[in-house]
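Only one structure is covered here, and it is reproduced in the block below.
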Amino acid sequence: MPRFSVIVPVYKVQAYLHECLRSVLEQSFTDLEVIAVDDCSPDACGEIIDEFAARDARVRAVHLSENVGLGRARNAGLEHATGDYVLFLDSDDTFTPGALQAIADRIKETGSPDVLHFDYARTFWDGREVRNQLAHLLTQEGPAVFRLSDRPGLLRLLMVVWSKAFNRDFIEREGFAFPPGYYEDTPWTYPVLMAAESIATLDRVCVHYRQRRQGNILGTTSRKHFDIFDQYERVFEFLDQHPDLDAQWRAVIFRRMVDHLSTLFTKRGRLPRRSRAEFLRKSRAYYARYRTPGARVPGRTRLRHALVRLGTHRTYRALWTALAVRRRLSRTVTKARRAARATALQLHYRIQLRLPVREKEAVFSSYWGRGHGCNPGALEEAFRTHAPHIRTSWIAAPEHQHTVPPGTRRLTPGTAAYWTALARSKYLVNNVNFDRRLVKRPGQVFVQTQHGTPLKRMGLDLQDRPAASRGTDFGQLLRSADKWDYVLSANRHSTLVWERVFPASYTTLEYGYPRNDLFRRASSQDRARLRDTLGIPRDSIAVLYAPTHRDYRITQRLPLDLERMLRTLGPRFTILTRAHHAYEAPLSEVEAARLVDVSGHPSVEALCIASDALVTDYSSLMFDYAALDRPIVIHADDWEAYEAARGTYFDLRAFPPGAVARSEDELIDIFATGHWRGSRSAQLRTAFRERFCPYEDGRAGERVVRRVVFGEEPTGASPAVPHQVEGAGVSAPLR
């Protein structure tokens with residue numbers, strides 16, 4: 001008996017069926033059977049199912065002699081199911097990698113509930129993925145197992161069967177089956193949730209719900225949408241047969257029915273034009289038939305309920321016209337207010353530009369208003385330490401202002417205080433650019449810190465790289481560079497690149513990167529504290545995995561199967577994964593104790609200190625990490641594509657900071673054999689560090705402040721010597 005029976009009803013989906021079935025059969029969890037039901041599909045679906053069944057014994061092909069529809073096709077699959085749990089997957093959708101393992105683990109954790117409810121994300125033809133907006137209702141906080149009465153908010157979620165795993169004994173005991181029709185999920189899902197003695201949730205995207213441009217039956221214009229009435233009639237018949245549930249849930253189901261009817265009516269393109277009045281009249285009849293005392297209607301939906309209760313097309317058109325006029329007027333007023341506010345702020349800014357520059361003020365920002373960090377963050381700290389007479393301010397969006405240290409003024413982008421700071425602060429520090437409307441005044445000093453050593457092409461070198469330079473205004477880029485007074489550089493390579501790709505009259509300060517000063521100051525106690533905070537076991541080897549952005553991909557996904565890597569390497573390893581801000585999918589719950597998502601951690605420098613090795617592809621983080629003199633492994637499985645799309649300044653495979661893996665299997669082998677920290681890797685790292693880390697002595701920030709604020713020329717930085725720290729996980733030096 002398999003753990004899971006995955007039922008896939010199939011009809012006219014030959015273009016998507018291979019991907020759907022592969023997403024099940026290629027799961028890391030293998031204790032399953034797939035029951036693919038060919039609902040007399042007129043295309044090649046039947047042959048595709050037979051091909052999969054011939055190749056994999058876990059696939060059972062069921063061919064129906066006539067087309068019976070989605071619900072009855074699922075019933076046919078249920079007749080053949082032998083698994084402990086039943087899952088349904090529509091044949092144009094897919095399971096996400098690791099989904100079944102996560103579902104199996106959660107079922108085990110929660111004691112085999114009747115129903116496990118998991119999450120989904122909509123996927124679009126252009127590569128976008130949008131997670132369910134009500135995902136917070138699937139929180140795993142609180143009791144692990146509950147009844148629907150404990151969390152009735154679950155009824156607000158999309159009433160579909162493919163976002164749940166059903167205990168087969170429970171389904172058979174209660175005699176649940178699908179009716180025919182368009183909306184067959186409704187009379188299954190509501191009764192199942194109401195009858196379940198135990199429900200659990202899994203806060204993880206397990207299904208990718210394909211949003212087809214054409215072919216989705218619920219998105220067509222048809223009288224078949226009148227089927228919704230029959231389906232809700234079945235739900236109320238179920239309640240009539242279960243008086244204990246009827247008393248508790250009848251009012252709730254009534255509200256849900258009215259919401260559903262009004263949504264279907266107001267959804268453009270669902271009902272044929274000449275049937276809309278009939279649909280409203282029938283909605284009014286069902287409203288009167290099933291109206292339940294105590295069915296309190298939330299204020300936000302009262303108007304829609306009134307529409308169904310009145311049930312006349314003319315009333316609807318009058319209400320709709322009034323609402324449309326109101327919305328249009330509201331948008332006009334809002335737009336006018338925004339324009340007036342923007343005009344007032346720019347007038348305020350122009351006035352501030354005429355007032356004296358404040359010699360003792362500095363304003364900092366990083367990554368377009370994100371939190372305190374990177375080189376500007378380290379420089380802001382250096383200003384407070386070495387030039388305490390200068391008052392510092394930090395520009396950050398409200399959600400990032402908690403990262404700003406005490407004593408530093410917080411500024412919100414777009415406010416009057418923000419424009420005042422830009423107009424009157426003497427020192428402007430950023431690792432990107434400020435608002436393009438910034439007017440650089442005489443007497444102001446703009447320090448462009450940059451945010452990494454360039455491996456990939458930058459600036460003007462992207463003019464012949466359309467995949468990487470989409471939407472770039474190179475003229476504006478150079479106008480921004482003209483505002484810079486100083487540009488920081490970590491090494492001679494960076495200096496030569498910056499001065500060529502950002503040609504302007506600034507002065508390059510080849511002093512090292514201030515953000516890496518932390519490496520030199522950190523003690524073994526700091527390292528131990530950071531590892532405890534991140535939950536890294538004391539004797540574990542912590543590998544920091546930090547991939548970079550791919551310009552040639554529309555969607556960004558983690559290139560490695562980290563769960564497989566951990567299972568192969570065993571319990572000695574912990575992976576800290578830090579996704580580039582463009583990456584999307586969250587990590588699974590599998591191996592949660594040894595797979596730690598640190599994408600939201602405010603300090604990548606702290607993560608470097610806590611780790612024992614770095615795995616990356618082409619991220620500039622490797623140049624900073626080399627200053628720690630700890631092992632670095634390069635995963636270069638798509639170098640040719642990356643080089644073709646983005647372009648690089650040297651072949652990383654020929655001059656790497658450590659071992660190079662050209663596939664996931666090679667990467668796992670490098671760690672399994674110990675090559676990642678062998679003598680050859682150490683030799684490569686030494687040569688790399690000597691070239692790219694000549695100034696990382698812990699005083700880069702001080703050098704910048706003394707030059708920019710006090711005009712002092714540094715006498716030169718000492719060659720960086722690795723600083724050994726007792727207690728490093730692999731006897732690696734801590735810088």
Pair list, Cβ under 9 Å, 6 or more apart: the range 5-27 residue at positive phi, other residue among the hydroxyl-bearing types (Ser, Thr, Tyr) and outside any helix (DSSP H, G or I): Lys12/Ser41
Single residue of the range 644-671 satisfying the filter (more than 25 Å from Arg564 (Cα to Cα), open to solvent by 10 Å² or more (accessible area, probe 1.4 Å) and hydrophobic (A, V, I, L, M, F, W, C)) that is nearest to the chain's Cα centre (by Cα): Ala645
Residue, nearest to Pro2 (Cα to Cα), within the range 158-211, restricted to residues that are out of contact with any His (no Cβ under 9 Å at 6 or more places or on another chain) and acidic (Asp, Glu): Asp169
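For every residue, the table says whether it meets (1) part of a loop (DSSP other than H, G, I, E, B); (2) open to solvent by 10 Å² or more (accessible area, probe 1.4 Å).
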| residue | (1), (2) |
| --- | --- |
| Val62 | no, yes |
| Glu66 | yes, yes |
| Phe118 | no, no |
| Ala121 | no, no |
Any hit, the range 154-173, residues being more than 21 Å from Asn75 (Cβ to Cβ), open to solvent by 10 Å² or more (accessible area, probe 1.4 Å), without any contact (Cβ under 8 Å) to a residue 24 or more places away in the chain and touching an Asp or Glu at 6+ places or on another chain (Cβ under 7 Å): no
Flag for Ala44 being open to solvent by 20 Å² or more (accessible area, probe 1.4 Å), within 28 Å of Glu172 (Cβ to Cβ) and free of Cβ contacts under 8 Å to residues at least 40 places away in the same chain: no
Scan of the range 595-627 for residues that are open to solvent by 10 Å² or more (accessible area, probe 1.4 Å), β-branched (Val, Ile, Thr) and in a helix (DSSP H, G or I), ordered by number: Val604
Residue, nearest to Ala324 (Cα to Cα), within the range 285-305, restricted to residues that are modelled with pLDDT of 80 or more and crowded, with 17+ Cβ neighbours inside 10 Å: Tyr287
Of all residues in the range 628-642 being touching a Phe, Trp or Tyr at 6+ places or on another chain (Cβ under 9 Å) and more than 14 Å from Gln683 (Cα to Cα), the one that is surrounded by the fewest Cβ atoms within 10 Å (Cβ to Cβ): Ala641
Scope the range 174-188; condition crowded, with 21+ Cβ neighbours inside 10 Å and outside any loop (DSSP other than H, G, I, E, B); matching residues: Thr186, Pro187, Trp188
Which numbered condition Arg358 fails, given (1) open to solvent by 20 Å² or more (accessible area, probe 1.4 Å); (2) farther than 16 Å from Phe446 by Cα: (2)
Residue that is open to solvent by 10 Å² or more (accessible area, probe 1.4 Å), of a type outside the set (S, T, N, Q) and under 30 Å from His386 (Cβ atoms), where the choices are Arg529, Arg479: Arg529
Counted residues, the range 439-456 - those being touching a Lys or Arg at 6+ places or on another chain (Cβ under 7 Å) and open to solvent by less than 40 Å² (accessible area, probe 1.4 Å): 3
Residues located in the range 535-549, provided they are buried (at least 17 other Cβ atoms within 10 Å of the Cβ) and farther than 29 Å from Pro454 by Cβ: Ile536, Ser540, Ile541
Number of the condition not met by Arg384 [criteria: (1) more than 20 Å from Thr449 (Cβ to Cβ); (2) at pLDDT 95 or above; (3) open to solvent by 60 Å² or more (accessible area, probe 1.4 Å)]: (1)
Residues within the range 250-284 that are open to solvent by 10 Å² or more (accessible area, probe 1.4 Å), part of a helix (DSSP H, G or I) and over 20 Å from Pro180 (Cβ atoms), tallied: 15
Which numbered condition Asn433 misses (of (1) buried (at least 17 other Cβ atoms within 10 Å of the Cβ); (2) over 23 Å from Leu509 (Cβ atoms); (3) at pLDDT below 95): (2)
Given (1) under 29 Å from the mean Cα position of the chain (by Cα); (2) farther than 22 Å from Leu652 by Cβ; (3) not in a helix (DSSP H, G or I), number of the condition Thr548 does not satisfy: (2)
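The values are calculated or read from the model by the stated rules, or taken from the named source; none is laboratory data. Keep in mind that this is a model prediction, so the values were computed, not measured. FYI the Cβ positions are ideal-geometry reconstructions off the backbone, even for glycines, and counts take in every protein chain you see. Keep in mind that these areas ignore ligands, DNA and RNA; they rest on the heavy atoms of the full protein, side chains included. Shrake-Rupley method; radii C 1.70, N 1.55, O 1.52, S 1.80 Å.
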